[in-house]
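Here, each number is a calculation from the coordinates, and none is a lab measurement. Source: prediction; values computed, not measured. Ideal geometry is used to build each Cβ from the backbone, glycine not excepted, and the neighbour counts take in all protein chains shown.
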Amino acid sequence: QVQLVESGGGLVQAGGSLRLSCAASGIIFSGTDVGWYRQALGKQRELVAAITRNGRINYADSMKGRFTISRDNAKRTVYLQMTSLKPEDTAVYYCNTNWFATPYWGQGTQVTVSS
């Protein structure tokens, strides 16, 4: 059974930092690409950052320079380090992977940035 579990969200002041984690099970983690997405209230889910099985990284333009995605295959975990947070970063953050052409999502972790 494939499972993704996000953690690390919370309430932070503008300019602060958070590190999100996404722990995976039920898949050969080192062989998968993983993405972080977010969904703000009343908005569509959007890509934040993604990291391939080979370590290639892609960021949404608004996150470049502030967010860093990384992975630890030994721990089966992908991280999202977020710095210089802004109120507009407030959203539920989800991680995603595809396994045998089936998309899997975690339950999400809430990030709230106060001004």
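So here's what we get for this one:
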quantity: All lysines inside 25 Å of Lys86 as judged from Cα atoms, apart from same-chain residues fewer than 8 positions distant; calculated: Lys43, Lys64
quantity: Gain in span if fully extended, Gln3 to Asn54, counting 0.36 nm per residue against the direct Cα distance; calculated: 16.2 nm
quantity: Top of Gly15, Gly42, Gly26 by mean-square fluctuation, Gaussian network on the chain, Cα under 10 Å; calculated: Gly42
quantity: Shape call, region 58-115: gyration tensor on alpha carbons, a/c limit 1.5; calculated: prolate
quantity: Region 54-71 and region 87-115: distance between their alpha carbon centers, rounded to Å; calculated: 14
quantity: Inter-site label distance for Glu88 and Gln39 at 7 Å from Cα along Cβ, in nm; calculated: 2.1
quantity: In Å, descending, principal axis extents of the Cα set of the chain; calculated: 41, 26, 22
